[in-house]
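Note sheet for the following structure.
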Protein chains: 4
Amino acid sequence: MAKQLRLGVGLWCVSFASDRFVGGGYRPMRSLEEQIKMVARIEGAESFDLHTSDFTGLSPREVQKMASDSGLKINAVNPNIFGDPVFKYGAFSNTDPKIRRKAIDLVKQSFDIARELKANVSSLWPGQDGFDYYFQCDYDELWDNTISSMREIVDYAPDLKICYEYKPKEPRMFSLAGTAAKALLIVNEVNRKNFGCVLDYGHALFAHENPSESLRLFDRAGKLFNVHFNDAYGNWDDDLMAGSVNIWSNLEFFWYLKQSSYDGYVTLDMFPFREEPFEACGLALRMIRSFEAIVETLDIATIRDIQKRNDAAAVMEYLRKKVLVR
Amino acid sequence: MAKQLRLGVGLWCVSFASDRFVGGGYRPMRSLEEQIKMVARIEGAESFDLHTSDFTGLSPREVQKMASDSGLKINAVNPNIFGDPVFKYGAFSNTDPKIRRKAIDLVKQSFDIARELKANVSSLWPGQDGFDYYFQCDYDELWDNTISSMREIVDYAPDLKICYEYKPKEPRMFSLAGTAAKALLIVNEVNRKNFGCVLDYGHALFAHENPSESLRLFDRAGKLFNVHFNDAYGNWDDDLMAGSVNIWSNLEFFWYLKQSSYDGYVTLDMFPFREEPFEACGLALRMIRSFEAIVETLDIATIRDIQKRNDAAAVMEYLRKKVLVR
Amino acid sequence: MAKQLRLGVGLWCVSFASDRFVGGGYRPMRSLEEQIKMVARIEGAESFDLHTSDFTGLSPREVQKMASDSGLKINAVNPNIFGDPVFKYGAFSNTDPKIRRKAIDLVKQSFDIARELKANVSSLWPGQDGFDYYFQCDYDELWDNTISSMREIVDYAPDLKICYEYKPKEPRMFSLAGTAAKALLIVNEVNRKNFGCVLDYGHALFAHENPSESLRLFDRAGKLFNVHFNDAYGNWDDDLMAGSVNIWSNLEFFWYLKQSSYDGYVTLDMFPFREEPFEACGLALRMIRSFEAIVETLDIATIRDIQKRNDAAAVMEYLRKKVLVR
Amino acid sequence: MAKQLRLGVGLWCVSFASDRFVGGGYRPMRSLEEQIKMVARIEGAESFDLHTSDFTGLSPREVQKMASDSGLKINAVNPNIFGDPVFKYGAFSNTDPKIRRKAIDLVKQSFDIARELKANVSSLWPGQDGFDYYFQCDYDELWDNTISSMREIVDYAPDLKICYEYKPKEPRMFSLAGTAAKALLIVNEVNRKNFGCVLDYGHALFAHENPSESLRLFDRAGKLFNVHFNDAYGNWDDDLMAGSVNIWSNLEFFWYLKQSSYDGYVTLDMFPFREEPFEACGLALRMIRSFEAIVETLDIATIRDIQKRNDAAAVMEYLRKKVLVR
């Protein structure tokens, strides 16, 4: 357990941030190059994730050069299959075969780019796949379209770790895959070695899951392919600074993560609307390092022994002594 | 679609009702015989479900006679694997093999009774399987214990439809199977023909699911084995009188249910703490008949056509005209 | 009770719609004139509300002319004290007196404009007043700043009905006034005749309130100054098409509204991201008319009588017969 | 700030614990004397709270003697106006004047007992005051009945600190006073010096409040009369062991509490269904002492200075260094 986790930052954390009330954004636009340079300055950041929609006028080669110049790896190269309003009724699940085709082709292009960028991972967040109203959809059709779309997609790039990301709602009222278990049902039905799940800590909280349990659900199935990190109050995808809301839950998460088979990056997925992104991400990575350091002091055998007895008071007393008493 | 659904009542709806603040109960105890007779008087009720823990001093034969005397079928005979505090840390998932054994044996006995009662269904609600605190459990152990327990259980009674019931929380903070998808993951992993899922409408709402979508998820997999009905505000397992909170959602639910392959009973699972149970259940069954009657007027082809276009305004206008305009 | 409610539309319902993932918007921009003309075409719309930030290059006189040419009244003229990132840490509660001054002056200017437009109402939604993180704020300071800001504001325009709008969260994690009761505490403390509350139906649902109860809370205090209408699932400010999720709750709301002292407009506050706004608003107003028509058939004395006995089964049976049986 | 908080235990924490599924209870009954002796053995416990319904066959004098023999103070003596099913439709708000009378008289008797026991505080939790169904209640009637009942009650005992306790739901679907602000509206309207509020940490979380903000809301109004402590996940009144879920929120809570004017007891209000109550309460009090000790290290001026700038990243970094770095 002594090895430190490898940490990364989603470029969107340091990019423009708007919402439905502040359409003009909470801060000025930054160029992709400025975003990458900012991430490079964040202590502890070794990699970044980005969406191919961020490549405004740049070639993959130019982006690759920016990354290597800044000393950063590119972890995940993600297609943006949610930001174009053509996908407003869904990308992979869309009832219109032409729009599904557009989504699939866009994903394949992003895989081509990922290869050029030497990235091994691509995360698919099908944010528009879902529904808003009762009677609006034939749920089987959404599901079947998703399965067939995903099969074509993952078979196009057996060399990449392709990850499906769940979230309960936003921007749709109901996402097609709202929970860890539903994402895993999709992944199981698609049934390909290179297709797994993203675990986003805040999405798990929003789904009223215990994130550690969802982590085990995925890892147990050999499907923990990517980890997004942030914090949240549990009633929305708050995308807050990591470590700012929860501690016990975070410690448990890293305790299980460090014992899992996962060897990829832990990547920040935050929306610091009001905070200076450099400060927010720096704090977040320091929080993770603090959690890691504390987790190192937690004796696995002791905790496992208490778990055999389900003794919550004993395990909380053990944690209290380790964390809160000095 | 013209055939009416067969309706039943869980005996617990008309039985004693206590909670943590009113331990003495909201109404006097009734004997099992009185409960059955009350259900028989509820217009529309054709069957009842019960727990074998309700058999206080009665033989299965005596219970069977009460049912037939009252003109009711017995739909589901359920083991009570949650009410004895020995199961406080779980039944099927318990870390203690002796307690798991006790739970498994209790279930097998209930299957024997079910056969004597000519019931075809047994619903397992593992209410104590789950956890309350961070670090309290080894989640893999809970899962593995559940799978192995369930395999033994379902293999004991290939002649019965055995159903697993999910719910997000209560009495545990986190149930092992909190969502439809998680129940289905368990059912898929156990992988037996006679093992499927209960869909409880209010549990789906509490899990922030659209109940119709969960219905399709189960039916699509051939695993919709039992349906519990009630109503709820969506932030707890309220177990309110059916039809008292939601209408569009209820109509959608019955619309999909009547098109599904499900041919079992729709059984009331309510806790009318303050209401006279006879009145509450009577209202609930009349609500269901009203929903059925309205559903009959909804043209499937018209709705499917709108669904192809995802046109929520059109489908809501269609529904408004059918339901709200006279 | 026979008089129909007067209905209006918030111009933002038919305007541009973006969110944090679709920054470029779900549909093309429309000019203010096009927006007003669209509202004028919606059957049943008699008025509109707007924000003074919508006046891009237009004088109040020009906007007034557009309204009168289209045959619409202007109900509420609202300052936009949330959309400029200078207010990201709050408008009226901001710890920086210069930013509070800017917010107060902006509101006063909007009151001047309201008078030019012959509007009687101005709704203040202090969306940025609140906080995101533990330890981030001195709560007393936020409260005190709000009270003093509001006093200056409402004293500037004793001729206008000035309304404070509550909502639990978004865009801040915690709004200063998240519930009806908290808004009323602020209004009570400010203690001016021309200062009251907006009741937004979906905000009440999001706060886990029964909207009818919140309506009574405000009306009983003589503080129901404005009504926003929409629908929602209750776990977010969904801003869905009115009537699309709830029916009993909507009927109860209009039943109480028509018995209340409120004589202003019921104004749509929806965000039809994916729906054609003209269709969405048209449906919403038809839904309201349907609810009104049903409410006309509900006998007040009968319901009051049942309420004396708290008989939920009886009141639901009464409603079932009125609404679901034909 | 150096003075330690005075800590107490609600006797119900160590008493019988049942819920709607385990009516027979999770552990054996203990006599009142055994409960008091158990509390006396919990390190740090200086007082207890109890309900007069616990006096099964004992005189106040006998209970007083048990307390003094055990070295404990009696903090709050509370009437039980929720456990008798006669109050199922409400106590103070009940539409039936005879039942309101019964509730009021029961409360007055409990005040008489409180005086005999030298207790200064009485907490009223009107758990049954509220409603379950749409159209079930005339909300004004509930409110008016509550105000008039409370006036009579608080005027009966000007020498006692009488406290009103809010909670969003359970056992009713909607409590009359679901939030801090609503409790304060009631207290303000009753308008008596000896009438204030209970702040229950977990109830605040369940109401989606920041408990520290609610604490300030009450203290600012001079109405923080009693503090109940526990922990919760925020979607129900979980009544978990204090300190087991939240840390930042707890620290913030004690930071504000120690700066407040509150000089009463912090009393555990937990339901350790599955935990040995002695262990659970002992852990909880140690958690509180740990939080207090950490709070002592937090420099008020530093934090206030950051709060002026709203700098969440800075305040979280300050906290990280104080709590998580060693």
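Throughout, read-outs are computed from the coordinates displayed, never taken from laboratory work. Remember, predicted model here, so these are calculated numbers, not experimental data. So basically every Cβ, Gly included, is an ideal-geometry build from the backbone, and we count neighbours across all protein chains shown.
Bridges between two residues of region B:112-267, per DSSP, are antiparallel at a rate of about 20%. By the helix-only formula, in which each DSSP H run with n ≥ 4 contributes -39500 (n - 2.57) and the sum is divided by residues, chain D has a 222 nm mean residue ellipticity of -13500 deg cm²/dmol.
Return one number: the angle in degrees, 0 to 90 and rounded to the nearest 10, between the long axis of the Cα atoms of helix C:180-190 and the longest principal axis of the Cα atoms of chain C. Here the helix axis deviates by roughly 50 degrees. I need the shape label for region B:214-260. Rule: rounded when a/c is under 1.5, else prolate if a/b > b/c, else oblate, with a, b, c from the alpha carbon gyration tensor. It is prolate, given that a/c is not under 1.5 and a/b is the larger ratio.
Relative to the other identical copies, C:F21 shows label-point distances of 2.1, 3.4, 3.9 nm, where the label point lies 7 Å from Cα along the Cβ direction and values run shortest first. About its Cα centre, the dipole of region D:6-296 is roughly 500 debye, where the only charges are +1 on Lys and Arg Cβ and -1 on Asp and Glu Cβ. Under 5 Å from the amide H of A:L199 lie the amide H atoms of A:F225, A:N226, A:V227, A:H228, each residue being 5 or more positions distant or on a separate chain, with H modelled from the backbone and absent for Pro and chain starts. For peptide B:286-297, the mean count of partner chain Cβ atoms within 10 Å of a residue's Cβ comes to 2. Put in line by how crowded their Cβ is, counting other Cβ atoms within 10 Å and starting with the fewest, A:L184, D:L7, D:L58 read D:L58, D:L7, A:L184. Once both labels are positioned 7 Å from their Cα atoms along Cα-to-Cβ, the gap between D:D96 and C:K98 label points is 6.6 nm. Principal-axis analysis of the Cα atoms of chain A puts helix A:211-220 at an angle of about 70° to the longest axis. The long axis of helix D:248-259 is offset from the longest Cα principal axis of chain D by roughly 80 degrees. By the count of other C-beta atoms within 10 Å, a proxy for reagent exposure, C:S122, B:S47, D:S175 are ordered fewest to most as B:S47, D:S175, C:S122. Dividing the convex hull volume of the alpha carbon atoms of region A:102-214 by its residue count gives 107 Å³ per residue. Inter-copy label distances for C:T297: 0.9, 6.8, 6.9 nm (label point placed 7 Å from Cα along Cα→Cβ; shortest first). Let me check against my output: what whole-number percent is the relative contact order of chain D, with C-alpha pairs under 8 Å and at least 6 apart? It comes to 17 percent, rounded to a whole number.
Kindly identify region C:207-292 as rounded, prolate or oblate by the Cα gyration tensor criterion: order the square roots of the eigenvalues as a ≥ b ≥ c, call it rounded if a/c is under 1.5, otherwise compare a/b with b/c, prolate if a/b is larger, else oblate. Cα axes put region C:207-292 in the prolate bin.
The convex hull defined by the C-alpha atoms of the protein assembly as shown has an orientation-averaged projected area of 44.1 nm². Listed by chain and number, the lysines whose alpha-carbon sits under 24 Å from that of A:K98, ignoring those within fewer than 8 places in the same chain, are A:K88, A:K108, B:K308. Peptide B:273-280 has a mean of 5 when you count, residue by residue, the C-beta atoms of other protein chains within 10 Å of its C-beta. Within the straight-line cut-off of under 20 Å between alpha carbons, the aspartates and glutamates reachable from B:K73 are B:E33, B:E34, B:E43, B:E46, B:D49, B:D54, B:E62, B:D112, B:E116, B:D159, B:D263, B:D269, sequence neighbours fewer than 8 places apart in one chain being disregarded. Within region A:59-144, the proportion of C-alpha pairs whose separation exceeds 14 Å stands at 67%.
Out of B:K223, B:K182, B:K169, any idea which swings most in a Gaussian network model of chain B, alpha carbons joined below 10 Å? Among B:K223, B:K182, B:K169, the largest mean-square fluctuation in the Gaussian network model of chain B belongs to B:K182. Each other residue within a Cβ distance under 13 Å of C:S175 adds +1 if Lys or Arg and -1 if Asp or Glu, for a net charge of -4.
Cut-off 10 angstrom, C-alpha nodes, Gaussian network model of chain A. Which of A:A314, A:A76, A:A177 fluctuates the most? Fluctuation is largest for A:A314.
Among D:L32, D:L185, D:L215, the residue with the largest mean-square fluctuation in a Gaussian network model of chain D, with springs joining Cα atoms closer than 10 Å, is D:L185. At D:R61, label 7 Å along Cα→Cβ: distances to the other copies, nm, ascending? In nanometres, ordered from closest: 6.2, 9.0, 10.0. With a cut-off of 13 Å between beta carbons, the residues surrounding C:K88 carry a summed charge of -3, where Lys and Arg count +1 and Asp and Glu -1. Compute the Cα gyration tensor for region C:6-296, then decide on rounded, prolate or oblate, letting a ≥ b ≥ c be the square roots of its eigenvalues: rounded whenever a/c is under 1.5, prolate when a/b is larger than b/c in the other cases, and oblate in all that remain. Rounded is the answer for region C:6-296, as its axis ratio a/c remains below 1.5.
Averaged over the residues of peptide A:14-21, the number of Cβ atoms from other protein chains lying within 10 Å of each residue's Cβ is 6.
Please work out the C-alpha center-to-center distance from region A:152-173 to region D:157-171 and express it in whole Å. Cα centroid to Cα centroid, the span is 51 Å.
Net charge around D:N75, counting only other residues with Cβ within less than 13 Å of its Cβ (Lys, Arg = +1; Asp, Glu = -1)? Neighbourhood net charge equals 0.
When the Cα positions of C:Y233, C:L268, C:S59 are compared along the charge dipole of chain C, C:L268 comes out farthest toward the positive end, with charges on each C-beta of Lys, Arg, Asp and Glu. For the rotational copies B and C, the chain B residue with its Cβ nearest the relating axis, together with that separation in Å, is B:I247, 2.
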